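Take a look at the structure set out below.
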Amino acid sequence: GESVGLHLPTLSVQEGDNSIINCAYSNSASDYFIWYKQESGKGPQFIIDIRSNMDKRQGQRVTVLLNKTVKHLSLQIAATQPGDSAVYFCAESAGGTSYGKLTFGQGTILTVHP
Amino acid sequence: DGGITQSPKYLFRKEGQNVTLSCEQNLNHDAMYWYRQDPGQGLRLIYYSQIVNDFQKGDIAEGYSVSREKKESFPLTVTSAQKNPTAFYLCASSRSGHPPYGYTFGSGTRLTVV
């Protein structure tokens, strides 16, 4: 089956740097993408989402970029802070008979050093 | 405040015992999901329900059972047939329909076999 995957399992950055977390997807029919942040021992929290009719969406300190041509998704975090240290998951809508059901990638561990 | 509540936060199971994990939401969401997360791993779908009195198996349903008698509740039973149940269990809910929507997650239940 098709799935969402991440290029990098870990990412270490210095406080104040910008972080970029990447995600590849293989289902060309996917039309909804979402990023979650999971802190240790907690449930994932919504960060930002994007639909396939857009290629960029900005939130507070975060930007999601969608490149449908190469099936690539990225999350950019500006001025990364120690509180941003967490596991970040991308997810896609599976479409078809499972419309609305999200498929999650494996996750990237982001570590921010003071 | 609306949200999704999982209980208990920690649960210990003896070999051969069935245990039930609770998940309640007051978000008026139609769809609910159960995921399993092992250390350092992503989320794997156990069961999901898109409407009351209906549910479907996910990728790793063996050894688990669910019910959806009320819109607000989606309990998960980990049966003695599940040979390796020690994991972090996450419940989520979402609106259903077109376009797809992101999930709201609970804070998780950590199950340990003793």
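The values are calculated or read from the model by the stated rules, or taken from the named source; none is laboratory data. The model shown is predicted, which means the values in this text are computed figures rather than measured ones. Here the Cβ is made from the backbone with ideal geometry for all residues, glycine too, and neighbour counts use every protein chain on show.
Some notes on this structure:
- Identity of the residue in the range A:25-38, modelled with pLDDT of 95 or more and more than 9 Å from chain B (Cβ to nearest Cβ), that ends up surrounded by the fewest Cβ atoms within 10 Å (Cβ to Cβ): A:K37
- Residue list for the range A:51-72, restricted to those being buried (at least 16 other Cβ atoms within 10 Å of the Cβ) and at pLDDT 95 or above: A:V62, A:T63, A:V64, A:L65, A:L66
- Residue in the range B:90-107 that is more than 25 Å from A:I50 (Cβ to Cβ) and outside any strand (DSSP E or B) present: yes
- Here the condition is being touching a residue at least 60 places away in the same chain (Cβ under 8 Å), within 15 Å of the chain's Cα centre (by Cα) and more than 11 Å from chain A (Cβ to nearest Cβ); of B:L21, B:L90, B:L76, B:L27, it holds for B:L21 alone.
- Scope the range B:1-18; condition more than 12 Å from chain A (Cβ to nearest Cβ) and small (G, A, S); matching residues: B:G2, B:S7, B:G16
- All positions within the range B:30-42 that are more than 8 Å from every other protein chain (Cβ to nearest Cβ) and loosely packed, with under 15 Cβ neighbours inside 10 Å: B:D38, B:P39, B:G40
- Against the numbered list (1) surrounded by fewer than 20 Cβ atoms within 10 Å (Cβ to Cβ); (2) at pLDDT 90 or above; (3) not in a strand (DSSP E or B), A:H7 comes up short only at (2).
- Scanning the range B:43-67 for residues that are within 15 Å of the chain's Cα centre (by Cα), assigned to a loop (DSSP other than H, G, I, E, B) and of a type outside the set (A, V, I, L, M) yields B:G58, B:D59, B:E62, B:G63, B:S67.
- When residues of the range B:38-55 are limited to those that are among the β-branched types (V, I, T) and touching a Lys or Arg at 6+ places or on another chain (Cβ under 7 Å), the one nearest to A:T108 (Cα to Cα): B:I46
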